[in-house]
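K.L.:
This is the structure I want to talk about, given as structure tokens.
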Amino acid sequence: MTISRNKLAILINPPIYDTQYWARWSMPHGLLKIATWLRYEGYDLKLYDCLNPYGEGSGIPERVADFESYDAVRKQKKSVVVLASTEEREEQMSYKLKPNEKWKYIFGLPPHELEDQLTNYKNSIARKKYKSVEFWITSIMTYWWESTRDVIELALRVFPEAKIRLGGIYPTLAPWHAEKKLGIDPLLMKGDKLDLNDEAQMDRHLVIYNEVPAASNLDLATDLYDDKERPPYTILTTSRGCPHICSYCASNVLNDGTKVRTRTFEDVIAEIKDKFRKNTRVFCFYEDNLLMKMQEFKRILKAVLADKSLQGIKIYAPEGIEIGVALSDRKRYLLKMRSDKSILATLSIETVEEQDTSSAIDIYEAFKESKRRTKRTFIKFEEDLTHGAVVIKEQTDDHIVLVVGDDDKVVLRKAIKENGRTDLIYENEEQSSLGLYLVGVPEIVYLMRLAGFEKIYLPLETIKKETNARWNRSWNSNLSRFESLLAALEEVGFDTRKQNINAFVMFGLPGEDLEEIYDTALYASERVGSVIPMLFTPVPSTDVYEQYRPYIEEHRFDLHHLNGKLFPFFPMLRDQMKMKYPEYEIEIADYVRVESFMQRINSKINGQSVNIYADTKVASTFRQTYSEYESFIKEWV
């Protein structure tokens, strides 16, 4: 059957206005899923990705092989913003900034160039006589809403009869704002109520909040990019939702609740194979809570490992993995050489239930019978990575004897820990002539390393437990857990000092102090290869936003003023610091220096980040300079 294509959807990922922007992983995956859905529904499609770092207008002089080189798009100065205020003004390009000012840039394809391209496109399709033209526009960060407004304005200037369909994070978190601020008279529409065949809906401009279920699990229409501009990676979303409600996070609003939903294993693997077959080698998992459905994710990784046609795959999860959840996974035991840290073999402890032979018919009786049913726990030899040098000599459910090389005998035995869990111990480790040792790591960490994860991102956020408790983050973040996971990552082969491991650090939060910020940054710099600063932005619809609404309204802040890079909470932080340290007077420039400090400690020497606590002259000089600065970091290094 031939689909009549008399409707045109022009899809736009707008440019943004900001003081800084990191373009990697900027593919508008939600918009590209919508594109696939619209194609199925009979639309012709045209894509304008204004933030594509691989496009001809990106500002990058030539295409390079390493996709990670693309972390920026073109930019041009737009205005000067005064930090922690609502003041913004135009200045000459040569204007010299004051300590409390930053340049605000247009990142990506500028609006006037987008308008020119739309005008040329309109002329090129004049003969097609489309029944309707619709602009499907995505809008991500709430503080980027201004460019969304400007794109809507220019789109309707070029196509006056067109209808706007706005979706994404911004309209989902702040539909009340989008309804009033965008210069249109839209109908607010929840995604699951959207009906392309409802003329009453289609005749209106629409602001669509929450997901559109019909598009949620579809492939990304990356074929809309020209071949020479197509990003060399794809984004995978295998699940939606998070069961936790952190006071500053809007995941439960974006996903319409705390229920975690997953795509089918078959669907995910089919997408990976299809993209890989089409020469995509880099896959990015963008998840609200990647490890919450641990078994499903591990099944995906094992399938990738088992499929020889996927050799060479690279996998990333730039949203981070949940520390506490990762540590809760069952252990994979690694038999290793102390001399070079190589892994010779891996083992695990398996538990299986006896087969059900009961004749219980009543559900309650069947449940009681299942609780009485005994479980068999035994040691499982998973793999020999030496191609024959590790041999099983003897094995029972409770112990296993291995011979490594000619005569190094390894006796491993089950042991019940105080918490009732079963562990595996190396009974005769001191007798090893080869210097062998056994270490247990979360199995998910081992599988991620094998499957092709290039980097690991960890949400350290802050090392101050009181702050974690205040944001309801104690379930995932504390130093003990962070250290435990780092140790496991090192055991499976990640080099924590060479940007293989990255830590998110948050600052600019009400109630923090400079000591907390420096403590966290210095600790992170010593332990991992890269510190990623996250400046605090109160997200509309969250408890934190409501908590500080009086402050926001008092200062007459709109959403774009709440961008963390503008330090909107500095007046509050200054007053709090003054109460705590009356003898000190902090200025906005101090926070700008903190931001600069975090960027500088990421500088690499011989491929490694600077170690403030190393036994070197530079590190010693740094410590001497800050000799009066007391911190509990020293307990950890």
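K.L.:
As a test question: what accessible area, to the nearest 10 Å², does ASP267 have when a 1.4 Å probe is rolled over all protein chains in place?
P.N.:
In the full protein context, ASP267 sits at about 50 Å².
K.L.:
What is the calculated FRET efficiency for ILE416 to TRP25, with r their C-beta to C-beta distance and R₀ = 45 Å, to the nearest 0.05? Could the numbers behind the result be given before it?
P.N.:
Working: r = 45 Å, r/R0 = 0.99.
The pair ILE416/TRP25 has a calculated efficiency of 0.50.
K.L.:
For VAL304, what accessible surface area do you get with a 1.4 Å probe? Give it in Å², rounded to 10.
P.N.:
10
K.L.:
Sort ILE323, ILE245, ILE169 by heavy-atom solvent-accessible area, probe 1.4 angstrom, most to least.
P.N.:
If we order ILE323, ILE245, ILE169 from most to least accessible, we get ILE245, ILE169, ILE323.
K.L.:
Students sometimes get this wrong: rank GLU394, GLU271 by accessible area, probe 1.4 Å, all chains present, largest first.
P.N.:
Numbers: GLU394 95, GLU271 5 Å².
Largest to smallest exposure gives the sequence GLU394, GLU271.
K.L.:
Let me ask something else about it. Sorted by accessible area (1.4 Å probe), largest first, how do MET579, MET337 line up?
P.N.:
Values: MET579 160, MET337 40 Å².
Sorted by accessible area, descending: MET579, MET337.
K.L.:
If you don't mind, there's one more thing I want to ask. Give, rounded to the nearest 20 debye, the magnitude of the charge dipole that segment 402-460 has about its Cα centre when Lys and Arg contribute +1 at Cβ and Asp and Glu contribute -1 at Cβ. Kindly include the intermediate steps, with their values, before the conclusion.
P.N.:
Working: 7 positive and 10 negative charges, 73 e Å.
Result for segment 402-460 is approximately 340 debye, rounded to the nearest 20.
K.L.:
Which of the cysteines found in the chain have nothing to pair with, since no other Cys Cβ lies under 4.7 Å from theirs?
P.N.:
Here CYS50, CYS242, CYS284 come out as lacking a disulfide-compatible partner, given the Cβ-Cβ threshold of under 4.7 Å.
K.L.:
Further question on the same structure: Count charges around PRO99 for me, please; just the other residues with Cβ under 13 Å from its Cβ, Lys/Arg as +1, Asp/Glu as -1.
P.N.:
Result for the local shell: 0.
K.L.:
Out of THR264, TYR143, TYR121, whose Cα points farthest toward the positive end of the dipole of the chain (charges: +1 Lys, Arg; -1 Asp, Glu; placed on Cβ)?
P.N.:
TYR121
K.L.:
Cα to Cα, under 28 Å, and not fewer than 8 places away if on the same chain: which lysines meet these conditions relative to LYS129?
P.N.:
LYS7, LYS33, LYS46, LYS163
K.L.:
Taking the alpha-carbon distance from LYS104 and a cut-off under 16 Å, which lysines remain once sequence neighbours fewer than 8 residues away in the same chain are dropped?
P.N.:
LYS75, LYS77, LYS78, LYS96, LYS565
K.L.:
Compute the Rg/Rh shape ratio of segment 243-329: radius of gyration over Kirkwood radius, all on alpha-carbon atoms. Let's see the in-between values first.
P.N.:
Values: Rg = 14.4 Å, Rh = 14.5 Å.
The Rg/Rh ratio comes out at 1.00.
K.L.:
In the neighborhood of ASP18, defined by Cβ-to-Cβ distances under 11 Å, what is the net charge if each Lys or Arg adds +1 and each Asp or Glu adds -1?
P.N.:
Values: positive: LYS75, LYS78, LYS102, LYS104, LYS565; negative: GLU146.
Net local charge, ASP18 excluded: +4.
K.L.:
State the extension gain, in nm to one decimal, for the chain segment bounded by PHE597 and TYR40, taking 0.36 nm per residue of separation less the distance between their alpha-carbons. Show your work: numbers first, answer last.
P.N.:
Numbers: separation 557, 0.36 × 557 = 200.52 nm, distance 5.00 nm.
In short, 195.5 nm is gained.
K.L.:
Then there is this: Heavy-atom accessible area per residue, segment 483-552, 1.4 Å probe: how many Å²? Before the final figure, lay out the partial values.
P.N.:
Working: 1890 Å² over 70 residues.
Heavy-atom accessible area per residue stands at 27 Å².
K.L.:
Of the accessible area of segment 7-216, with the probe set at 1.4 angstrom, what percent is carbon plus sulfur?
P.N.:
On the way: 4480 of 9410 Å².
For segment 7-216, the apolar C and S fraction of the accessible surface comes to 48 percent.
K.L.:
Beyond 20 Å, how much of the Cα-Cα pair distribution for segment 7-216 remains, as a whole percent?
P.N.:
Numbers: 13217 of 21945 pairs.
Here the long-distance tail beyond 20 Å is 60 percent of all Cα pairs in segment 7-216.
K.L.:
Expressed as a rounded percentage, what relative contact order does the chain have, with Cα pairs under 8 Å and six or more residues apart? Walk me through the intermediate numbers first.
P.N.:
On the way: 1114 pairs, mean separation 72.6, N = 637.
The value is 11 percent.
K.L.:
Against the globular-protein guess of 2.2 N^0.38 Å, express the Cα radius of gyration of the chain as a ratio, rounded to two decimals.
P.N.:
Values: Rg = 27.6 Å, N = 637, 2.2 N^0.38 = 25.6 Å.
Taking N as the residue count of the chain, the ratio is 1.08.
K.L.:
Compute the accessible area per residue over segment 7-216, keeping the other protein chains in place, probe 1.4 Å, unit Å².
P.N.:
Values: 9410 Å² over 210 residues.
Result: 45 Å² per residue.
K.L.:
Among PRO53, LEU11, ALA72, which residue has its Cα furthest toward the positive end of the charge dipole of segment 7-216, with +1 on Lys/Arg Cβ and -1 on Asp/Glu Cβ?
P.N.:
LEU11
K.L.:
Separate question: When all protein chains stay in place, what accessible area (Å², nearest 10, 1.4 Å probe) is found for LEU489?
P.N.:
0
The values are calculated or read from the model by the stated rules, or taken from the named source; none is laboratory data. The structure displayed is predicted, hence computed values, not measured ones. With ideal geometry, Cβ positions are generated from the backbone for all residues, glycine too; neighbour counts draw on all protein chains shown. These area figures cover heavy atoms from the full protein model, side chains too; ligands, DNA and RNA do not enter into them. Shrake-Rupley method; radii C 1.70, N 1.55, O 1.52, S 1.80 Å.
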